[in-house]
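Below is one structure; the comments refer to it alone.
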Amino acid sequence: MKIEIKNRWNGDIIVSGEYESTKDCLERNRGANLGDANLGDADLRGANLIGANLIGANLGDADLRGADLIGANLGDADLRGADLRGANLIGANLIGANLGDADLRGANLGDANLMGAKKYHHSHDFFQEIIRRQKVETFTDKEWWAIGQIIVHRLCWCAIKKRFNETALSVFKKLGEVGFCEFLEKYKAL
């Protein structure tokens, strides 16, 4: 089938040719600069995109379940609503990526650069990874208890505020101090 991947801003063709699928096209061209590509809603389940350059790409609502994105550059990519369950994002660059409503359940975020990611405040998986990266002594026993409850039970914001009020506020302040302010901003807005 004829596949064309276009720049999401100006419509210029980035990649064009005969491929089995969009996934096949991306896998065969992952060394190409696919920055700003419009790949929203694409079925990329299990795609091998190791080291792919997807800076600024529109991957909104894309199905990336089980995709291998080791070392991929997803800086400033739009991942709103993307399904990243089970995706391998080890060492991926997510600086400036918009993670709004992305499903990260089971995604491996180890060593991914998460600084500057945006719209992550609804992701329990992002929260868990940020917490995992902190030194144990960063949090008190009471804070660790609250963190565990939030992660295990995937509590909504209202439940977090009701159950843990000042303890949760303290956790979110500490995360804000290391550059992850969205949790604190969301909590204060409740």
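Residues are listed down the side, and each one gets a yes or a no for (1) in the same structural domain as residue 65 (by TED's automatic domain parsing); (2) small (Gly, Ala, Ser); (3) at pLDDT below 95:
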{"site": "17", "(1), (2), (3)": "yes, yes, no"}
{"site": "20", "(1), (2), (3)": "yes, no, no"}
{"site": "29", "(1), (2), (3)": "yes, no, yes"}
{"site": "34", "(1), (2), (3)": "yes, no, yes"}
{"site": "37", "(1), (2), (3)": "yes, yes, no"}
{"site": "44", "(1), (2), (3)": "yes, no, no"}
{"site": "47", "(1), (2), (3)": "yes, yes, no"}
{"site": "50", "(1), (2), (3)": "yes, no, no"}
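Does residue 105 satisfy the condition of being assigned by TED's automatic domain parsing to the domain that holds residue 69, under 19 Å from residue 81 (Cα atoms) and among the basic types (Lys, Arg)?
The answer is yes for residue 105.
Among the residues of region 148-190, write down those that are among the β-branched types (Val, Ile, Thr) and surrounded by 12 or more Cβ atoms within 10 Å (Cβ to Cβ).
Passing the criteria: 150, 151, 160, 167, 171, 178.
Kindly evaluate residue 160 against the criterion of being touching a helix residue (DSSP H, G or I) at 6+ places or on another chain (Cβ under 9 Å), under 20 Å from residue 109 (Cβ atoms) and part of a helix (DSSP H, G or I). I'd like the intermediate steps shown before the answer.
Values: touching a helix residue (DSSP H, G or I) at 6+ places or on another chain (Cβ under 9 Å): yes; under 20 Å from residue 109 (Cβ atoms): no; part of a helix (DSSP H, G or I): yes.
In short, no.
Run down 113, 165 and say which single residue is polar (S, T, N, Q) and within 22 Å of residue 81 (Cβ to Cβ). Walk me through how you get there before you give the answer.
Numbers: 165 fails: within 22 Å of residue 81 (Cβ to Cβ).
Within the list 113, 165, the selection yields 113.
Only one of 113, 88 is surrounded by fewer than 19 Cβ atoms within 10 Å (Cβ to Cβ) and outside the structural domain of residue 168 (by TED's automatic domain parsing). Can you tell me which?
113
When you scan region 119-129, do you find a residue that is more than 22 Å from the chain's Cα centre (by Cα), assigned to a helix (DSSP H, G or I) and under 17 Å from residue 177 (Cβ atoms), even just one? First the steps, then the outcome.
Just the residues of region 119-129 that are more than 22 Å from the chain's Cα centre (by Cα), to begin with: none.
The answer is no; no qualifying residue exists.
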- Which of the following residues is at pLDDT 95 or above and within 23 Å of residue 185 (Cα to Cα): 101, 68, 76, 83? 76
- Message: Among the residues of region 43-80, what is the count of those that are surrounded by fewer than 20 Cβ atoms within 10 Å (Cβ to Cβ) and under 10 Å from the mean Cα position of the chain (by Cα)?
- Response: 1
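The values are calculated or read from the model by the stated rules, or taken from the named source; none is laboratory data. Keep in mind that what you see is a predicted model, and the values were worked out from it rather than measured. Here Cβ is always computed from backbone atoms with ideal geometry, including for glycine, and neighbour counts include all displayed protein chains.
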